[in-house]
Amino acid sequence: MRRRIKEHPTRRFTSARSRNLVTFERGTPPVHRVPAALARRFDQICVSTLAQALAGEDLTPLEFAVLRYVDEEPGIDQSGLCERLGIDRNSASLMVNRLESNGHLTRRVDGNDRRARLLKLTPSGKRLHDRVRPKTFAGWQRMLSVLKPTERELLLDLLVRVIEGNRILARPGAGRRRRELTKPV
């Protein structure tokens, strides 16, 4: 049995027989009411919100995420950073190189595992992080302001549960088509 969705003043179904398509405002294209389509749109909103908060800074949303994780976990290694960000090692290395060359991060060899690189914010990186963090937090608050406070917490709790319950699927490159190796003619 399908659960009936409570009517919303700006949301309307595009047709009576297609309950999986939802239009939020007149003239906007419909969104499929399926996890992948909704997650893609939610990701666009999150990245756009973060980009607005970081406007004027020489920092991408993912680079801010690096600063955020390194601030929360000083001495995190690059592999741990990759896992937390859900990106491949090459992408993480490029971001760390850029942040290091801009004077925001330091990287040192782990004494216990010479292959590992431990990351720490420099004073400049800490100042940058501390300056932009309130702007990013305000952006998230604006983004989620369409929800009641209890709904915001519920949304975040549910997102964490879905991510944790599907951790094996959350890896860099998941879902990409593999390139066929072509032989030169």
Could you please let me know if ARG117 is crowded, with 16+ Cβ neighbours inside 10 Å and at pLDDT below 90?
yes
Test LEU147 against the criterion of being at pLDDT 95 or above, outside any helix (DSSP H, G or I) and farther than 22 Å from GLY103 by Cα, and give yes or no.
yes
Residue pairs meeting the criteria (Cβ under 6 Å; at least 6 apart or on separate chains; first surrounded by 12 or more Cβ atoms within 10 Å (Cβ to Cβ), in the stretch 95-110; second among the small types (Gly, Ala, Ser) and assigned to a loop (DSSP other than H, G, I, E, B)):
ASP110/ALA116
Flag for VAL31 being in contact with a Leu (Cβ under 9 Å, 6 or more places away or on another chain), aliphatic (A, V, I, L, M) and within 22 Å of ARG152 (Cβ to Cβ)
yes
Kindly check whether there is at least one residue in the stretch 150-166 that is part of a loop (DSSP other than H, G, I, E, B) and out of contact with any Leu (no Cβ under 6 Å at 6 or more places or on another chain).
yes
Those residues of the stretch 124-134 which are surrounded by fewer than 16 Cβ atoms within 10 Å (Cβ to Cβ) and within 11 Å of LEU59 (Cβ to Cβ), in sequence order:
ARG131
When both residues are 6+ apart or on different chains and their Cβ atoms are under 8 Å apart, which pairs have a first residue that lies in the stretch 66-80 and is within 9 Å of LEU119 (Cβ to Cβ), and a second that is polar (S, T, N, Q) and surrounded by fewer than 20 Cβ atoms within 10 Å (Cβ to Cβ)?
GLN78/SER93
Any chance LEU128 is in the same structural domain as ALA51 (by TED's automatic domain parsing) and at pLDDT 95 or above
yes
Out of (1) modelled with pLDDT of 90 or more; (2) part of a strand (DSSP E or B), the odd one out for ARG12 is which?
(1)
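The values are calculated or read from the model by the stated rules, or taken from the named source; none is laboratory data. Everything quoted here is computed from the prediction, not taken from an experiment. Cβ coordinates were reconstructed from backbone atoms using ideal geometry, including for glycine residues, and neighbour counts include every protein chain displayed.
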